[in-house]
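To start, the structure under review is shown below, and the notes come after it.
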2 protein chains.
Amino acid sequence: MTAVKENSTIQENKQYALEQCPVTYVMEKIGGYWKPIILYHLSSGAKRYSEVKRAIPAITEKVLIQQLKQLQTDNLLIREAKPVVPPHVTYKLSQSGERLMPVIAAMATWAINEQESDLSKFEE
Amino acid sequence: MTAVKENSTIQENKQYALEQCPVTYVMEKIGGYWKPIILYHLSSGAKRYSEVKRAIPAITEKVLIQQLKQLQTDNLLIREAKPVVPPHVTYKLSQSGERLMPVIAAMATWAINEQESDLSKFEE
DNA sequence: ACAAGTACTTACCCTTTAGTATGTATTATG
DNA sequence: CATAATACATACTAAAGGGTAAGTACTTGT
């Protein structure tokens, strides 16, 4: 498990900024490159670990499990393990994670629009 | 200017994933901790460099200017400098940046709801 | 006996991002 | 002549995140 240190400026930012800036709160939970991508792929329903891996081939197993754990810790998704061999583990969105879907959906919408209008580069 | 290297797995991910996963496209542009926070503070209108700094006290000047430059490069905001002394520089959202506001707004909404329901931690 | 499959773990290293501290140009002001 | 103010730049360091490679446990299939 990767240790989390609590002494950077970002950490200090948490203390006061959460009341000041709601976006800061979001960045604590889904900041970073992979987390929104993982959440996006779980938006269509629960997936096994290996299914998530296949959905995002570029992610390494170490980083995937690391991000999944952090998302669990932040109560954005739920891990369910069946005690069988070979292991059967699924990940699904928690209620909190489900409530994030408007954010992910807004991202997807923006991305699709931008990629279209990427032709007209010198807007404004 | 911070150089950008193009050889990580994340970079490879860009090649194919942009067509597969729209969220990846978004993460290229606003991934990281500070960018959405900066965009949030510019959503209420153009601000001078020093105003942005005051709005986000925890960010260092180096990181702020670095993120502002990257956001410019990605055409999310526009820098306007008046050739006066002392300098007068404002930053504002581009049209592309404006179109991102639904994402930022969705984040803010989620954050506010979550902080309220943070009391009931063991949901589901 | 051995390979395969699942869901990981561990060790090590490299890149990116962030933080600290100091410096710069220009002009107005005391 | 020194100081202040703005919007940076630069050098160095530290922390976080990400990448590579290999290993583990357990059982089923060959």
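Each reported figure results from applying straightforward, stated rules to the coordinates on display, with no laboratory input. Fair warning: this is a prediction, and the values are worked out from it, not measured in the lab. All Cβ positions, glycine included, derive from the backbone under ideal geometry; neighbour counts span all protein chains shown.
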Per the rotation taking chain A to chain B, min distance Cβ-to-axis on chain A (residue, whole Å) equals A:106, 2
Would you mind giving the mean number of other chain beta-carbons within 10 Å of the Cβ of each residue in A:27-35, as a whole number?
-> 5
Inter-copy spacing of residue A:62 label points, which lie 7 Å from Cα along Cα→Cβ, given in nm from shortest upward = 2.6
Is there a simple number for the mean count of other chain Cβ atoms within 10 Å of the Cβ of residues in A:107-117, and what is it?
-> 6
Across A:29/B:62; A:29/B:92; A:29/A:82; A:53/B:69; A:29/A:69; A:53/A:82, pairs whose alpha-carbon gap is larger than 22 Å | A:29/B:62; A:29/B:92; A:29/A:82; A:53/B:69
Taking the Cα atoms of the stretch A:35-124, report the difference between the largest and smallest coordinate on each principal axis, in whole Å and largest first.
-> 58, 27, 19
Copy-to-copy label separations for residue B:44, where each label sits 7 Å from Cα toward Cβ, in nm and ascending | 4.1
Could you work out, residue by residue across A:37-43, how many beta carbons of other chains sit within 10 Å of that residue's beta carbon, and then give the average as an integer?
-> 3
